[in-house]
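Read the structure below first, then the notes.
Bear in mind that the values in this text are calculations on the coordinates, not laboratory data. This is a predicted model, so every value here is computed, not measured. When we count neighbours, we look across all protein chains shown, and the Cβ atoms used for this are built from the backbone with ideal geometry, even at glycine.
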């Protein structure tokens, strides 16, 4: 009987431990990620998965393949951890995805370049056309497809670096880039960029995280409440290239100066600009005094109560409402990437800047060090 009692006690303890472990996995959605699924070789370089954590329980998963944010968990109004960034469960899944930019670092030049061409110092450059008649997010093999050198300096900080060599994607000059991801103790994801080149070139860096503040695969983002501190935006032509005009948002569907749901005025049959983009896919001219780090936007999940405030040194913010999501990819939690189930708010310089002399310049002068910073700060809306 004594041994039977001990055996039953051990069984109960093991069952309790198993239940506790199961609960922990349920509490943290990123526990489903298998690090070995991110350990392979791409172009002769090793890929892996990194986890950043803070003392409040927030967590970020990042792979050095494309510098991608794979997932990001923060607490909702009930204290439950919610994964607010959509991603894939393996390197292979990212490679096979019909959406190449999930969570990725973007460069050399984020956004579109008209006809893929620009002139610098009298020399014409032609970039690969991968978006209709235009070049998008760096060309055929942008930064989303390269393996970055990664060093995790502490539990909450990851440093990624990459040398984009002279002539890569036909851009001039060797461009050295460093990106530091840091999860702060206030549940903010800080992204610091720095870059320098050995000759004149162009660069416009950003991150292309796809967010749903109600959680990955939780449904439409149209009832998220969005605020953007911008009086103007840059209208586009039918191929989504800016016309060069800075148009007032006053009286248009682009006015998010007061909190408005994404879907409230999203009618592609009435507004020509929304028709061109099949929804929102436009750059906002942020109300900023200069290059200081400033608050520029806020968005709140209608079901979770999770709020994301955005601070940046950049002059522009590209708002994308998930218009080209087509349920062709399976996300890491097994759900399809359905139409408008995620949004992007990309801090950056304006689209087609090399061909728009009135836009803020993205020219990189040799041997000068450039930097920018963006913070996605999470909290619970009250």
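Find the centroid of the Cα atoms in the range 273-291 and in the range 144-188, then give the distance between the two in whole Å. Distance between centres, Cα-based: 26 Å. Going from the residue with the fewest nearby Cβ atoms within 10 Å to the one with the most, 60, 34 rank 34, 60. Using alpha carbons only, how many angstrom separate the centre of the range 37-57 from the centre of the range 121-139? Taking the Cα centre of the range 121-139 as reference, the centre of the range 37-57 is 31 Å away.
Remark: relative contact order (the range 33-102) = 22 percent; criterion is Cα-Cα distance under 8 angstrom and separation of 6 or more residues. Only Cα pairs under 8 Å and 6+ residues apart enter the sum, and on that basis the relative contact order of the range 133-282 stands at 14 percent.
What is the extension gain from residue 367 to residue 55, computed as 0.36 nm multiplied by their sequence separation minus the C-alpha to C-alpha distance, in nm to one decimal? All intermediate terms of the calculation are to be shown ahead of the outcome.
Numbers: separation 312, 0.36 × 312 = 112.32 nm, distance 3.89 nm.
The residue 367-residue 55 span can extend by a further 108.4 nm.
Report the residues of the range 314-358 in range of a label on residue 98: point 7 Å along Cα→C-beta, backbone N strictly under 17 Å from it. Under cut-off, by backbone N: 322-332, 335-342.
Under a Gaussian network description of the chain, with springs only between Cα atoms under 10 Å, the residue in 88, 325, 308 that fluctuates furthest is 325. Dividing the helix sum by the residues of the chain, where each DSSP H run of 4 or more adds -39500 (n - 2.57), gives a mean residue ellipticity at 222 nm of -3000 deg cm²/dmol. Rounded if a/c is under 1.5, else prolate if a/b is larger than b/c, else oblate: which is the chain, with a ≥ b ≥ c the root eigenvalues of its Cα gyration tensor? It is prolate, given that a/c is not under 1.5 and a/b is the larger ratio.
Could you give the alpha-carbon Rg of the range 59-98 over 2.2 N^0.38 Å, rounded to two decimals? Please report the intermediate quantities before stating the final value.
Values: Rg = 11.9 Å, N = 40, 2.2 N^0.38 = 8.9 Å.
After normalising by residue count via 2.2 N^0.38 Å, the value is 1.33.
Identify which of 230, 124, 93 has the largest mean-square fluctuation in a Gaussian network model of the chain, with springs joining Cα atoms closer than 10 Å. The residue that fluctuates most here is 124. Which FRET efficiency value, to the nearest 0.05, is calculated for residue 121 and residue 292 with the Förster distance at 25 angstrom and r the Cβ-Cβ distance? Efficiency computed from Cβ-Cβ geometry: 0.25. Can you tell which of 143, 324, 38 shows the greatest fluctuation in a Gaussian network model of the chain with Cα springs below 10 Å? Fluctuation is largest for 324. Would the range 138-177 count as rounded, prolate or oblate if I go by the C-alpha gyration tensor, calling it rounded below 1.5 in a/c and otherwise prolate when a/b exceeds b/c, oblate otherwise? Judged from the Cα gyration tensor, the range 138-177 comes out prolate (a/c at least 1.5, a/b above b/c).
Across the range 210-267, the fraction of Cα-Cα pairs farther apart than 19 Å, rounded to a whole number, is 43%.
Cα centroids of the range 311-335 and the range 201-257: 11 Å apart.
Using a cutoff of 8 angstrom between alpha carbon atoms and counting only pairs six or more residues apart, the relative contact order for the chain works out to 17 percent. Relative to the longest principal axis of the C-alpha atoms of the chain, give the angle of the C-alpha long axis of helix 2-27, reported between 0 and 90° and rounded to the nearest 10°. On a 0 to 90 degree scale, this one is about 10. Annotation: the residues 295, 195, sorted from fewest to most other C-beta atoms within 10 Å of their own C-beta, follow the order 295, 195.
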